[in-house]
Amino acid sequence: LEEVPLEVLRQRESKWLDMLNNWDKWMAKKHKKIRLRCQKGIPPSLRGRAWQYLSGSKVKLEQNIGKFDELDLLPGDPKWLDVIERDLHRQFPFHEMFVSRGGHGQQDLFRVLKAYTLYRPEEGYCQAQAPIAAVLLMHMPAEQAFWCLVQICEKYLPGYYSEKLEAIQLDGQILFSLLHKVSPVAYKHLSKQKIDPILYMTEWFMCAFSRTLPWSSVLRVWDMFFCEGVKIIFRVGLVLLKHTLGSSDKLKSCQGQYETMERLRALSPKIMQETFLVQEVIELPVTERQIEREHLIQLKKWRETHGELQCKSPPRLHGAKAISEAEPPTRKALEPVPSIIVPPGPAPVPKARKSKEKSREKGPPSPANGPGAEGNGAPSLARELLHPQVSPHHQSKESLSSRESEDTYL
């Protein structure tokens, strides 16, 4: 694993805090700098907050205050609830959040996935959404994870989780076409063996490699994915195919269809290693324009063979910049929410001022103005601080209140 020196990590944290506190300016004028910093890796303490800003889910939440709580209280469709319930224990079973049945991690995962089936009943639930939601829950509370999932499903990977999986089939053909340019040897071998892309790339793309790569590599890929969009997913897939099947030496042990599929299911740890993979992904020359050009070509072929697409998904947006331009944030939407809220009350009077006021007073103070008077409907500040009213946000079922500041995760 690549160990980042502590001093470097602190410098990165400081830079990211500055960016997050002035996000709209950075996104408008210094997007390239944001992209470079995402490629270096987001500091772990700020990753959850950064993903929310990059994906636009922070803005989405502010535009829909209370929507998640409303969905959370609804019973949900029984046909989806049973399937979700069965999938909970399969998501990262050795992670401390999800290790115990009925634990807070599994409860929050159930809430997020159930809320999505109510938010998009026409889509319902797809099993590949569970690992995506689980990774998000490791970095943020349930409400934020829900809106981040919404952005992934609607902006980054639209149509991926629809019933017929048409979007993923189209992207499989796009990947295969791009492979012809990136690695002709691998392309020729897969063509000869008649291996359809849907057989090896479905889990890669639908789960955004969360069930394929080592954990450190998953996080680095997601940092870039949230910033640059689906081209990162394509690049990772192309790098894995190129380095697994891209030379005659590597193909000696993959003579048949079965051996080739086994090799793609058991990828070499070396090519999945964080530093190597990230560098290869950054350097691979595959752009959004190429992906969209191939998309139009494959869409035309699809219509000729299958007819019109049944899934009417929104157009795909390529990363944080495109999402920000499509839905520009208001100043309020990007304001950090304070973690500690002091209850309202009269401001304390400075001591020097108090003594002057007392010297001017004639006679003893009236009971109404005395320090112990609270019967006139104006409780003292001391009482307010000792017995503050319980905020409704602290009554949430979540392990961490979703309305607390993202700085809770620092």
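The values are calculated or read from the model by the stated rules, or taken from the named source; none is laboratory data. All values reported here derive from a predicted model rather than from experimental measurement. Cβ coordinates were reconstructed from backbone atoms using ideal geometry, including for glycine residues, and neighbour counts include every protein chain displayed. The protein model used for the area step is the full one, side chains on, heavy atoms only, and it has no ligands, DNA or RNA in it. Shrake-Rupley method; radii C 1.70, N 1.55, O 1.52, S 1.80 Å.
Here is how the numbers come out for the structure above:
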| read-out | value |
| --- | --- |
| Subset of the stretch 118-132 [open to solvent by less than 10 Å² (accessible area, probe 1.4 Å), touching a residue at least 40 places away in the same chain (Cβ under 8 Å), more than 19 Å from Met224 (Cβ to Cβ) and not in a loop (DSSP other than H, G, I, E, B)] | Ala130 |
| Matching residues, the stretch 29-64, being over 10 Å from the mean Cα position of the chain (by Cα), among the hydrophobic types (A, V, I, L, M, F, W, C) and within 14 Å of Leu219 (Cα to Cα) | Cys38, Ile42, Leu46 |
| Elements of type helices (runs of 4 or more DSSP H) contained in the stretch 213-317, each with 3 or more residues being within 20 Å of Leu165 (Cβ to Cβ) | 231-245, 257-265, 288-306 |
| Residue among Arg111, Arg35, Arg101 that is within 30 Å of Ala326 (Cβ to Cβ), touching a helix residue (DSSP H, G or I) at 6+ places or on another chain (Cβ under 7 Å) and open to solvent by 50 Å² or more (accessible area, probe 1.4 Å) | Arg35 |
| Unmet requirement for Glu96, which otherwise passes all of (1) part of a loop (DSSP other than H, G, I, E, B); (2) of a type in the set (Asp, Glu); (3) surrounded by 14 or more Cβ atoms within 10 Å (Cβ to Cβ) | (3) |
| Residue check for Ile152: surrounded by 18 or more Cβ atoms within 10 Å (Cβ to Cβ), in the same structural domain as Ala266 (by the TED database) and closer than 27 Å to Ala326 by Cα | no |
| Only listed residue being at pLDDT 95 or above and touching an Asp or Glu at 6+ places or on another chain (Cβ under 9 Å), chosen from Gln63, Gln39 | Gln39 |
| For Leu170: the one exception among (1) farther than 30 Å from Leu71 by Cα; (2) of a type outside the set (D, E, K, R); (3) open to solvent by 10 Å² or more (accessible area, probe 1.4 Å) | (3) |
| Of all residues making up the stretch 265-306, the number that are among the hydroxyl-bearing types (Ser, Thr, Tyr) and in contact with a helix residue (DSSP H, G or I) (Cβ under 6 Å, 6 or more places away or on another chain) | 0 |
| Any chance Arg289 is surrounded by 11 or more Cβ atoms within 10 Å (Cβ to Cβ) and without any contact (Cβ under 8 Å) to a residue 40 or more places away in the chain | no |
| Criterion violated by Gly159 - all others in (1) under 23 Å from Ala322 (Cβ atoms); (2) in contact (Cβ under 8 Å) with a residue 60 or more places away in the chain; (3) part of a helix (DSSP H, G or I) satisfied | (3) |
| Evaluation of Ala208 against (1) at pLDDT 95 or above; (2) at positive phi; (3) out of contact with any Phe, Trp or Tyr (no Cβ under 7 Å at 6 or more places or on another chain) (one fails), failing number | (3) |
| Failed item, numbered, when Arg303 is tested on (1) more than 24 Å from Leu54 (Cα to Cα); (2) modelled with pLDDT of 95 or more | (2) |
| Filtered residue count, the stretch 1-27, keeping only those that are over 18 Å from Glu274 (Cβ atoms) and in contact (Cβ under 8 Å) with a residue 12 or more places away in the chain | 10 |
| Any pair with Cβ under 7 angstrom, 6 or more apart, that starts in the stretch 51-74 at a residue that is touching a residue at least 12 places away in the same chain (Cβ under 8 Å) and in the same structural domain as Thr117 (by the TED database) and ends at one that is aliphatic (A, V, I, L, M) and open to solvent by 10 Å² or more (accessible area, probe 1.4 Å) | Lys58/Leu334; Leu71/Leu118; Leu74/Leu118 |
